[in-house]
1. Could you tell me how many of the residues in region 110-143 are in contact with a Ser or Thr (Cβ under 6 Å, 6 or more places away or on another chain) and of a type in the set (Phe, Trp, Tyr)?
2. Note down all Cβ pairs under 7 Å where the first residue falls in region 94-112 and is closer than 11 Å to MET29 by Cα, the second is assigned to a loop (DSSP other than H, G, I, E, B), and they're at least six residues apart or on different chains.
3. Return the residues of region 45-54 that are in a loop (DSSP other than H, G, I, E, B) and surrounded by fewer than 20 Cβ atoms within 10 Å (Cβ to Cβ); say none if nothing qualifies.
4. Restricting to region 134-185, count the residues that are part of a helix (DSSP H, G or I), among the charged types (D, E, K, R) and either farther than 22 Å from ILE25 by Cβ or at pLDDT below 95 (or both).
5. Before we move on, is PRO189 modelled with pLDDT under 95, farther than 12 Å from SER60 by Cβ and either in a helix (DSSP H, G or I) or of a type outside the set (A, V, I, L, M, F, W, C) (or both)?
6. Just name the residue that is farthest from MET204 (Cα to Cα) out of those in region 150-169 that are touching a Phe, Trp or Tyr at 6+ places or on another chain (Cβ under 9 Å) and surrounded by fewer than 19 Cβ atoms within 10 Å (Cβ to Cβ).
7. Within region 122-143, can one find any residue that is free of Cβ contacts under 8 Å to residues at least 24 places away in the same chain and surrounded by 14 or more Cβ atoms within 10 Å (Cβ to Cβ)?
8. Out of ARG91, ARG114, which single residue is surrounded by fewer than 22 Cβ atoms within 10 Å (Cβ to Cβ), of a type outside the set (A, V, I, L, M), part of a helix (DSSP H, G or I) and at pLDDT below 95?
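The values are calculated or read from the model by the stated rules, or taken from the named source; none is laboratory data. Because the structure is a prediction, the values reported are computed rather than measured. Neighbour counts run over all protein chains shown; Cβ positions are idealised from the backbone, glycine included.
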Amino acid sequence: MGVAGCILAWPIVMTLVYGFVPPPISNLMILRLFYGNGLHKQWVSLDKMSPNLPRAVLSSEDARFCTHHGVDWVEFQDAMDGNEPGEGPSRGASTVSMQTAKNMFLWDGHSFVRKGLELPLAYYMDFIWTKRRMIEIYLNIVEWAPGVYGAEAASQLHFHKTAAQLTRREAALLAAVLPNPIKRNAGKPSRGVQAIASRIQLRMAAMDSYLTCIGK
């Protein structure tokens with residue numbers, strides 16, 4: 001198998017492995033290290049996170065998480081949150097599956113090549129993993145501040161507590177910074193971030209019946 005074959009096989013094989021083993025690192029983490037960012041992370045199972053966190057993140061990032069198969073075509077053209085002045089771009093229509101595929105195996109930025117790889121990867125990962133495993137991995141690898149990855153490290157940095165202790169408001173603030181954790185700060189939120197968090201809290205109240213796939 002040549003180099004190209006190994007590159008193509010890597011995400012296919014490792015998706016199977018990560019169904020049972022916590023990913024030690026992601027492509028995004030490696031790329032950020034080259035930019036001079038640190039690497040602060042600590043894996044915690046979904047059972048050891050406050051249920052407020054997946055509820056807040058899915059309310060903000062992927063409300064149809066339990067019903068789509070990796071790509072939400074209904075939302076593909078529209079972002080659920082609009083841009084806030086000075087806060088950087090919103091997430092667009094990327095589902096949690098698509099963001100996990102990008103962070104784990106691809107690269108940041110906007111290009112048709114990356115998107116062309118991201119879509120089939122998202123479908124494949126969604127097929128291989130349970131929804132619960134998908135959100136568990138996402139919440140453990142997503143960047144919440146420069147060089148800070150995962151729910152536990154983010155909770156300790158921004159609120160000086162464990163991920164299991166997050167309140168509804170703190171979880172909403174963490175979810176509010178996800179579209180741009182470089183410019184947005186959950187621990188010292190701007191007015192724009194606070195406004196987004198308030199909208200997320202309102203959505204959370206109506207999300208329970210839509211989140212049965214993660215068991216919380």
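1. So the answer is 1.
2. Matching pairs, first to second residue: ASN103/SER26; ASN103/VAL142; MET104/PRO23; MET104/SER26.
3. Those that are in a loop (DSSP other than H, G, I, E, B) and surrounded by fewer than 20 Cβ atoms within 10 Å (Cβ to Cβ): SER45, PRO51.
4. Here is the first cut: in region 134-185, the residues part of a helix (DSSP H, G or I) are 134-141, 151-159, 163-165, 168-177.
After this cut, where a residue has to be among the charged types (D, E, K, R) as well, the list is 136, 152, 168-170.
Among the residues that remain, those that are also either farther than 22 Å from ILE25 by Cβ or at pLDDT below 95 (or both) are: 168-170.
Looking only at that region, the number is 3.
5. On the way: modelled with pLDDT under 95: no; farther than 12 Å from SER60 by Cβ: yes; either in a helix (DSSP H, G or I) or of a type outside the set (A, V, I, L, M, F, W, C) (or both): yes.
Taking the combined requirement at face value, the residue does not satisfy it.
6. Result: LEU157.
7. No, every residue in region 122-143 fails to be free of Cβ contacts under 8 Å to residues at least 24 places away in the same chain and surrounded by 14 or more Cβ atoms within 10 Å (Cβ to Cβ).
8. Values: ARG91 fails: part of a helix (DSSP H, G or I).
After applying the criteria, what remains is ARG114.
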